[in-house]
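S.K.: Next up is a structure, given as structure tokens.
The values are calculated or read from the model by the stated rules, or taken from the named source; none is laboratory data. Treat the numbers as computed from the prediction; the structure is a model and nothing was measured. In this analysis, Cβ positions are derived from the backbone assuming ideal geometry, glycine residues included, and neighbour counts consider all displayed protein chains. Only protein heavy atoms, including side chains, enter the accessible area calculation; ligands, DNA and RNA are left aside. Shrake-Rupley method; radii C 1.70, N 1.55, O 1.52, S 1.80 Å.
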Amino acid sequence: MAATLIDGKAFAAKVRGQVAEHVARLKEQNGITPGLAVVLVGEDPASQVYVRSKGKQTVEVGMNSYEHKLEADTSEADLLALIDQLNNDPSVHGILVQLPLPKHLDEDLVINSIAPEKDVDGFHISNVGLLGTGQKSMVPCTPLGCLMMLRDHHGSLSGMDAVVIGRSNIVGKPMAQLLLGDSCTVTIAHSRTKDLPDVVRRADIVVAAVGRPEMVPGDWIKDGATVIDVGINRIERDGKNVLVGDVDFASAAERAGAITPVPGGVGPMTIACLLANTVTACCRANNLAEPEGLTA
Ligand code: GUN
């Protein structure tokens with residue numbers, strides 16, 4: 001393997017350490033404990049695992065965690081009433097409604113009912129607009145984690161050619177905005193892109209976020225490029241259940257200058273950035289200096 005491994009697990013531990021330091025300072029100097037409320041509707045097994053992990057890590061960095069578990073058949077009115085209560089609760093600085101929601105609930109309506117300054121997912125339409133116009137916003141956690149790793153590896157990203165494969169609202173689009181904000185020349189590629197291999201071969205930075213196991217082979221990667229693999233796909237291989245990314249790691253690592261593994265790359269950064277966003281939201285709510293290096 002020629003590429004440098006970008007260790008997301010270690011990086012996430014470092015971010016959590018910085019968050020914990022800031023939380024301790026807020027408690028000591030200001031008497032404030034940041035609080036994160038997580039709302040889970042229904043019993044989706046993957047969502048339950050994520051929510052448990054979020055709650056555990058929130059407590060580990062010294063913040064208050066408030067978990068709200070609602071029945072799968074909860075009405076939209078009841079969910080909106082809970083969000084209204086959390087919006088008006090001064091001990092809650094961040095609110096996250098775990099997605100996907102059961103089909104009878106309107107996801108856009110629910111997300112847009114969260115107070116934008118408490119929207120630590122960065123999914124509220126106001127935050128999307130603020131990010132798109134280069135204003136201070138809450139930034140979606142997974143793209144923020146990718147940006148932190150890229151900045152850490154390269155220093156400045158200015159003038160680099162970046163390709164984001166995938167155009168989701170959660171990862172692809174905000175990732176492209178963040179790279180543009182750091183003065184990259186950005187291409188967003190997707191399932192209808194003509195000659196995707198050629199587009200990827202021109203990129204200094206490749207962010208793969210499509211959710212298709214190992215769809216990017218090594219021979220699409222420019223020599224020395226940095227590859228950020230957002231994919232987390234479960235597949236059967238040699239009779240075993242394994243996690244793989246959207247990039248064929250073995251062949252891409254032969255060409256890339258640096259690459260994130262799956263697991264242990266982008267994945268751990270997402271919750272670390274959620275904690276970072278919660279501290280940021282708490283500081284903004286109290287007109288205090290924001291932690292450095294934890295925002296876009
Ligand atoms: N479900 C899967 N990923 C996410 C995320 O980043 N935020 C929320 N709210 N739900 C998710």
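S.K.: In square angstrom, what is the accessible area per residue of the chain with a 1.4 angstrom probe?
M.R.: Computed with neighbouring chains in place, this is 46 Å² per residue.
S.K.: Taking θ = phi - 60°, what integer Hz values does the Karplus form 6.51 cos²θ - 1.76 cosθ + 1.60 yield along region 81-89, in sequence order, with x for Gly and Pro?
M.R.: Per residue, the Karplus-derived 3J(HN,Hα) values read 5, 5, 4, 4, 4, 5, 4, 9, 9 Hz.
S.K.: Oh, and also: Cross-link partners among aspartates and glutamates for K103, C-alpha distance below 17 Å, same-chain residues fewer than 8 apart left out?
M.R.: The qualifying aspartates and glutamates are E43, D44, E71, D73, E76, D78.
S.K.: Two decimals is fine: what's Rg over Rh for the chain, C-alpha atoms, Kirkwood radius as Rh?
M.R.: Values: Rg = 19.1 Å, Rh = 19.7 Å.
With Rg and the Kirkwood Rh in hand, the quotient comes to 0.97.
S.K.: Using DSSP to define loop residues, name the GluC sites (Glu not before Pro) in region 192-296 whose beta-carbon has at most 13 other beta-carbon atoms within 10 Å.
M.R.: E292
S.K.: Of the heavy-atom accessible surface of region 131-280 (probe 1.4 angstrom), what whole percent is carbon and sulfur?
M.R.: After summing per-atom areas, the C and S share lands at 48 percent.
S.K.: Turning to a different aspect of this structure: Within region 155-248, which trypsin sites (Lys or Arg not before Pro) sit in a loop by DSSP and count at most 11 neighbouring Cβ atoms inside 10 Å? All intermediate terms of the calculation are to be shown ahead of the outcome.
M.R.: Numbers: sites: R167, R192, K194, R201, R202, K222, R234, R237, K240; in loops: R167, R192, K194, R202, K222.
Listed in order of number, the matching sites are R192, K194.
S.K.: What percent does the relative contact order of the chain come to when contacts are Cα pairs within less than 8 Å and at least six residues apart?
M.R.: Dividing the mean separation by the residue count of the chain yields 22 percent.
S.K.: Taking a cut-off of 14 Å between Cα atoms, list the aspartates and glutamates near K14, but don't count ones fewer than 8 places away on the same chain.
M.R.: E60, D152, E292
S.K.: OK, next. Using 0.36 nm per residue of separation minus the Cα-Cα distance, give me the extension gain between S91 and R202 in nm, one decimal.
M.R.: 35.2 nm
S.K.: Same structure, new question: Considering the alpha-carbon set of region 6-48 alone, what are its Rg and its Dmax in angstrom?
M.R.: So, for region 6-48, Rg and Dmax equal 15.1, 40 Å respectively.
S.K.: Now for a separate question. Hey, with R₀ at 51 Å, roughly what FRET efficiency would K14 and A77 work out to, going by the Cβ-Cβ distance, to 0.05?
M.R.: 0.75
S.K.: Now for a different question. Working from the alpha-carbon coordinates of region 1-155, get Rg over Rh, Rh being the Kirkwood radius.
M.R.: So for region 1-155, dividing Rg by the Kirkwood Rh gives 0.99.
S.K.: Let me check against my output: what whole-number percent is the relative contact order of region 38-130, with C-alpha pairs under 8 Å and at least 6 apart?
M.R.: Once divided by the residue count of region 38-130, the mean separation gives 30 percent.
S.K.: Sticking with this one: Roughly speaking, what is the centre-to-centre gap between region 234-296 and region 1-65 when only Cα atoms are used, to the nearest Å?
M.R.: Measuring centre to centre over Cα atoms gives 12 Å.
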